[in-house]
Amino acid sequence: LHKGKFQQAFVFFEKATELDPNCALYWSNICFVYIQLDQFDKALKAAENVISKRPSWHKGYQRKGEVYLAKGNNELAASAFATGLQIEPNNEQLNNLFTKAQQELWKSNTKSNTNQSK
C-alpha cells in the first residue's frame, strides 16, 4: 500500500473480505484503499462495517473520519475522530487527524463568516 499499488491491494483485500467477512482489519484496509481511489461511498460503507464488526476498536472511527475528511465534511470527520479518541485517547494519529479536522472546520467557518459580513 505504501507504494501506491491501490488497485492490486484492492483485489487482495476484496478477496480477504470474501474469505472472512467478519474480520474488521480486512474491512479497515479495504476502506483505506477505497479512500485512496476516491470511492468515498464505498469507503464509508467499509468503515461502517469495521465499526459494526468491532465497535470497541478505534480504527473504524478513524477510517470513518478519514472518509469525511476526504469529502470535506470536517464536522462529521471531527465527530468520528472524537469517538475514536474516547476509545484510544493517547493515539497520536487520531489526535493529529482530529486536530486537522478541527482546523479545517475553523477555516471554513472563518471564511463563511467573512463572506457574510461583506
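Of note:
- Residues that are assigned to a helix (DSSP H, G or I) and either basic (Lys, Arg) or exposed (fewer than 14 other Cβ atoms within 10 Å of the Cβ) (or both) within the range 15-30 comprise Lys15, Glu18, Leu19, listed in sequence order.
- When the criteria are applied in full, Gln93 meets the requirement of being at pLDDT 95 or above, open to solvent by 50 Å² or more (accessible area, probe 1.4 Å) and in contact with a helix residue (DSSP H, G or I) (Cβ under 9 Å, 6 or more places away or on another chain).
- Qualifying residue in the range 59-75 (condition: surrounded by fewer than 17 Cβ atoms within 10 Å (Cβ to Cβ) and farther than 24 Å from Tyr26 by Cα): yes
- Qualifying residue in the range 5-14 (condition: outside any helix (DSSP H, G or I), modelled with pLDDT under 95 and open to solvent by 40 Å² or more (accessible area, probe 1.4 Å)): yes
The values are calculated or read from the model by the stated rules, or taken from the named source; none is laboratory data. Small disclaimer: the values here were computed from a predicted structure and weren't measured. Every residue, glycine among them, receives a Cβ derived from its backbone with ideal geometry; neighbour counts consider all protein chains shown. The accessibility values were calculated without ligands, DNA or RNA, using every heavy atom of the protein model including side chains. Shrake-Rupley method; radii C 1.70, N 1.55, O 1.52, S 1.80 Å.
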